[in-house]
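Single-structure report; data block below.
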Amino acid sequence: MTRRVAVVAAGTSKKWGVYPGTYRDLISEAGKATFDSNPEIKPGDIEGFVVASVFPERSVFQTHVATLAAETVGVTPTKLFQRVENMCASGTIAIRTAYMAIASGLCDVVMVIGAEKMHTPNPVETYLSLMGGVDREYEGALGITAPVQFAFAAQAHIQKYGTTREALAQVSVKNHANAMNNPYAHFHKPCTIEEVLNAKPVTTPFTILECSGITDGSAGMILMSEEKAREYTDKPVFILGTGQCAYGFNFANGPSDLCDWTMLNQAGKDAYKMAGIGPKDVDVAEVHDCFSISEIIISEELGFTEKGKGGEFALQGRSTYGGDVVLNPRGGLLGCGHPLGATGVAQGVELFHQLRGEAGPRQVTGAKIGLGHNLSGLTEHSVLIYGRGDQ
Amino acid sequence: MAERLTWEYVYSCDPIPQQTPEFNKLHQYYENLHLGRLTTTKCRKCEKVSWPPRTVCPVCMSDELSWVDLPDEGSIVVVSVQEGGAFPGFVAPLVFAMLQFGDVKFMAKLIDVDIAQLAPGKKVRFKPEKQYDGRILPAFTLVG
């Protein structure tokens, strides 16, 4: 019998962007913010430690980072220490790993840190490192990048469903507007549909405002068994369900229909089933808007709208405050930037605050159920569902 | 004091894969590209055709595989023209497309094309692209 698992502390580094410090400095900030969010918890209480970090080998010339990060935040893990690297979804998968460790009874208290220092003194190094995130030998070698892969999904959605450029741009408009209310967001500049469409082209159909930024950032979270959590907080946030599904790796081996993200649909269904809820029960969701098209397809596959209607869902305001569900209140990857390993953890931090009613100007009124989603390419998806302690 | 480290070649910063027998069991793939053939592996036991090519069949685990030609011509499913954010060493605009050859899909770079002529359904033909140092990579161009 698995045990219930709760989040009891969460925080992010103060300002995402080009970080004026080292990898250790960045990890320290997430550690401090997390411990500061719940002064009852001390580093000595932590038994397990999971760090999500994608390419420190390349960006800061440091491997072997699980215990480096643990030492940096003052933790001596006695039951679990582990690094998670699953490209863009590493953060959510790190939380999922902590969940598994606690649910199984292996640990009572686990800390998760997501940290990514992407910027280097020579910016093109980062572009080159990102090549390692696709099939390096058969895709990356040709110059193919994540923006191109997601552009293919966008072209397919436009061709199949008649989705408009304005609908894609609306996702960027909404998430940049939400980021205005988030102090740590990398990009604090609102934009209009017109400005998105006229911004610098990246790869058709995307402009630069439809692509998540290269960003340094970090975030942390502490999870406990339900029994332990009650000792440390009156407002635990529970993990109610989770799902994960992948299909293939090389882009050519995914489903033929590039805008049919079956793997997300499956991961979502599994998470809903485990939580005993459906899409209509979700009040707030942090989903992986790495590119504008992503949020449109995600809103379909997670069941917030019908397949093919994601563009209209965005344009009609159904994915924001006052609509069916609020997607990406912290500003998403488009507004906050995407420090690979940190993103999923920061999504969890936002949902923790939302479900405790502590999200300030970003608060979704009365939010009870939150959903976090990370992807690592079109064909691999991870979902977590969070609920308030009274659920 | 040690001299400052200066290497003329750093593989971890080289986008082009190693293509020779001492580093790559599938070197025949690249040798075939030099001969103007786009090939992949087919399992001699269960006949599974894999992409990318394999040293072990992912279906039946046989390590007896042979090289088979992919069709010379395919068609564009979706296409994107990249103008920004290209890797170092790649000159924009770059044209990429998802191609379909019968049952096989292929992520491809298109070269020597008129961008105005690109559209889903257009036919493309294999046209390998020699790299600066003699290595080779697959590419395609529009037919006609």
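Data overview
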item: Inter-chain shielding of B:131-137 (mean C-beta neighbours from other protein chains, 10 Å cut-off); result: 1
item: Relative packing of peptides B:38-50, A:41-53 - highest average C-beta neighbours within 10 Å first; result: A:41-53, B:38-50
item: Shielding by partners, peptide A:144-157 (average Cβ within 10 angstrom, other chains); result: 5
item: List A:16, B:67, B:7, ordered by accessible area with a 1.4 Å probe, largest first; result: B:7, B:67, A:16
item: Shielding score for A:256-263, defined as the mean number of other chain Cβ atoms within 10 Å; result: 1
item: 0 to 90° range, to nearest 10: angle between helix A:340-355 axis and chain A longest Cα axis; result: 70
item: In nm, spacing of pseudo-spin labels at residue B:143 and residue B:104 (7 Å Cα→C-beta vector); result: 1.6
item: Computed E for residue B:24/residue A:18 - FRET, C-beta separation, R0 51 angstrom, nearest 0.05; result: 0.85
item: Computed [θ] at 222 nm, deg cm²/dmol, chain B (DSSP H ≥ 4; -39,500 (n - 2.57); rounded to nearest 500); result: -1500 deg cm²/dmol
item: Full-stretch length increase - residue B:4, residue B:90 - with 0.36 nm per residue and alpha-carbon distance subtracted; result: 28.1 nm
item: Residue among A:262, A:126, A:320 with the largest mean-square fluctuation in a Gaussian network model of chain A, springs linking Cα atoms under 10 Å; result: A:126
item: Cβ-Cβ FRET estimate between residue A:256 and residue A:32, R0 fixed at 51 Å, reported to 0.05; result: 0.60
item: Heavy-atom accessible area, 1.4 Å probe, ligands and nucleic acids excluded: residues of the stretch B:90-107 down by at least 20 Å² from chain alone; result: B:90, B:96, B:98, B:105, B:107
item: Zone of residue B:59's modelled label, taken as backbone nitrogen in the stretch B:33-49 under 14 Å from a point 7 Å along Cα→Cβ; result: B:41-49
item: Nearest-0.05 FRET efficiency for residue A:42 and residue A:67, computed from C-beta distance (R0 22 Å); result: 0.70
item: Disulfide-incompatible cysteines by the Cβ rule (no partner under 4.7 Å) in the protein assembly as shown; result: A:88, A:107, A:191, A:211, A:245, A:259, A:290, A:336, B:13
item: Cα long-axis angle, helix A:165-179 against chain A (0 to 90 degrees, to the nearest 10); result: 30
item: Helix A:146-161 vs. chain A, principal-axis angle (Cα, 0 to 90°, nearest 10); result: 60
item: Top of A:146, A:359, A:199 by mean-square fluctuation, Gaussian network on chain A, Cα under 10 Å; result: A:199
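The values are calculated or read from the model by the stated rules, or taken from the named source; none is laboratory data. Because the structure is predicted, anything quoted here is derived from the model rather than measured. Positions of Cβ are generated from backbone atoms using ideal geometry, with glycine treated the same way; all protein chains shown enter the neighbour counts. When the accessible area is computed, the model is the full protein with side chains, heavy atoms only, and any ligands, DNA or RNA have been set aside. Shrake-Rupley method; radii C 1.70, N 1.55, O 1.52, S 1.80 Å.
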